[in-house]
Every structure is written in structure tokens, then in C-alpha cells.
1. Among the residues of the stretch 147-166, how many are surrounded by fewer than 18 Cβ atoms within 10 Å (Cβ to Cβ), of a type outside the set (Val, Ile, Thr) and either not assigned by TED's automatic domain parsing to the domain that holds residue 84 or not in a loop (DSSP other than H, G, I, E, B) (or both)?
2. Identify, please: which residue in the stretch 78-133 is assigned to a loop (DSSP other than H, G, I, E, B) and in contact with a Lys or Arg (Cβ under 9 Å, 6 or more places away or on another chain) and is, among those, farthest from residue 178 (Cα to Cα)?
3. Would you mind telling me which numbered condition in (1) at negative phi; (2) surrounded by fewer than 18 Cβ atoms within 10 Å (Cβ to Cβ); (3) out of contact with any Gly (no Cβ under 9 Å at 6 or more places or on another chain) residue 144 fails?
4. Could you grab me the full set of residues in the stretch 84-114 that are aliphatic (A, V, I, L, M) and either surrounded by 15 or more Cβ atoms within 10 Å (Cβ to Cβ) or in contact with a strand residue (DSSP E or B) (Cβ under 6 Å, 6 or more places away or on another chain) (or both)?
5. Could you grab the pairs with beta carbons closer than 9 Å, sequence gap of 6+ or different chains, first residue in the stretch 85-114 and outside the structural domain of residue 188 (by TED's automatic domain parsing), second one in a helix (DSSP H, G or I)?
Amino acid sequence: MASTVRRPSRVAKLPPRERILDAAEELFQREGIRRVGVQAIAEKAETTKMAIYRHFETKDELVAEWMRIVAADYQAAFDRVRTEYPGRPREQILGLARFIAEGLPAVSHRGCPFINTLAELPDRSHPARQVIEKHKAHQTRRLVGMCTEAGLPDPEQAAAEITFVLEGAQVSTQNGSIDQAGDRLMRIVEGIVDRHRPPLGSPRATVD
């Protein structure tokens, strides 16, 4: 009888900390933070609870680190559109909207990780909530800066409207209430930017 050779899994090839974070992300997104225990994460990551606690003192710290990774992806989107559209703030704003629009299909299955995490963690002192609040404040400042560079006379109001639309689109996609959400999102954001722009020829007008 031929012997069976057990091949190492893809998970086992990753460094332990990365395996833990990948497993935690998948389980948190699929089942929710509160329902997932450290033992389940250890089994998914093909490691032990003791190994997890060597990298993260508590489960709360693991959740917070996951949120830092998600936040970094969003901040990278800001960096990317600035590189792709140098000196063209209107296109930078639309590039951000496109980043959200293209991610909506994934949101329809799993939901926005920020929204889901906030819903599960009502205590504002939780380290993961603090990560999210800091990220959102920074994101808003960057968007206000783009609106300012685009010459919009009330950049804070424009950034607020864009934020409401971006985040509302994710919720609407998750609950399935709006069809063609990505296309509608792009049209709405473009309309907000153009509506707030001063007329061509005015001192604050800019041309992308």
C-alpha cells in the first residue's frame, strides 16, 4: 500500500504573525468579532493559543491590529490617487470614489469592516475603536485638503457630503437596497464636486 505524503499547506508557509492576522481577518469578517474565539483563530492559523499571545497580548489587541491593516489599505488609496493624478485634485477625489465603488461587490458579501467592527464594539475606549476613529479623522482631513486644492469654496461641507455618500453606498450595498450602487456613487460624487466648484473665470476656480 502506497504511503500518503502530507503536503504543507499554504498557511503553514507564512510567518506565524501573518498567519494569525490572515486567519483572524477571515473569521472576523465571516462570523463577527464577538463570536470568534482565540482557539478558533489558532486552529485556522495552524498554530496555538500560546503562539497568538506571544504576538498579541489580548484578543482586543489582535482586533486593533487588524483594523490598522485595513486602515492602511484605505490610506494607501489616498497616496495612490495623488501619484496617479498629480496636481489634479478633482480627479484625485473621483479616484477615491472609484476605489470605494470597485470594492462594493466585496462589501455586499461581508460588509464594511469598519462599520461591522463599530457595531460590535460600543465601548469607545476599545483599542480597535480608537484605531478606527483616528483613521476616519485622518481620512476626513485628507479629503478636506483635496477639496481645498480643487478650489471648492466650502471644502469641509463638500468633504462631508462626499463622505456621507461613500459610506452610505457601502451600507446600501450591504443591505441590498440600491442597485447599480457603484455607477450611482460615481455620478453623485462627480455631481457634488462640480456643484461646489466656483464658475470658470472666478479667482478660486481650478481646471483639472
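1. The total comes to 5.
2. Let us first name the residues in the stretch 78-133 that are assigned to a loop (DSSP other than H, G, I, E, B), namely 85-88, 111-112, 121-126.
Pick out the ones that are also in contact with a Lys or Arg (Cβ under 9 Å, 6 or more places away or on another chain) and you get 121-123.
Working: 121: 27, 122: 28, 123: 31 Å.
Selected residue: 123.
3. (2)
4. From the stretch 84-114, those aliphatic (A, V, I, L, M) are 93-94, 96-97, 100-101, 104, 106-107; that's our starting set.
Scanning the stretch 84-114 gives 93, 94, 96, 97, 100, 101, 104, 107.
5. So the pair list comes out empty.
For (1) modelled with pLDDT under 95; (2) more than 15 Å from residue 97 (Cα to Cα); (3) of a type in the set (Asp, Glu); (4) touching a His at 6+ places or on another chain (Cβ under 7 Å), each residue gets a yes or a no:
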{"residue": "154", "(1), (2), (3), (4)": "no, yes, yes, yes"}
{"residue": "157", "(1), (2), (3), (4)": "no, yes, no, no"}
{"residue": "164", "(1), (2), (3), (4)": "no, no, no, no"}
{"residue": "174", "(1), (2), (3), (4)": "yes, yes, no, no"}
{"residue": "178", "(1), (2), (3), (4)": "yes, yes, no, no"}
{"residue": "187", "(1), (2), (3), (4)": "no, no, no, no"}
{"residue": "193", "(1), (2), (3), (4)": "no, no, no, no"}
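Rundown of residues vs (1) assigned to a loop (DSSP other than H, G, I, E, B); (2) outside the structural domain of residue 184 (by TED's automatic domain parsing); (3) basic (Lys, Arg); (4) closer than 29 Å to residue 197 by Cα, yes/no style:
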{"residue": "39", "(1), (2), (3), (4)": "no, yes, no, no"}
{"residue": "43", "(1), (2), (3), (4)": "no, yes, no, no"}
{"residue": "64", "(1), (2), (3), (4)": "no, no, no, no"}
{"residue": "75", "(1), (2), (3), (4)": "no, no, no, yes"}
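The values are calculated or read from the model by the stated rules, or taken from the named source; none is laboratory data. Owing to the predicted nature of the structure, the values given are computational and were not obtained by experimental measurement. Note that we place each Cβ from the backbone using ideal geometry, even for glycine, and neighbour counts take in every protein chain shown.
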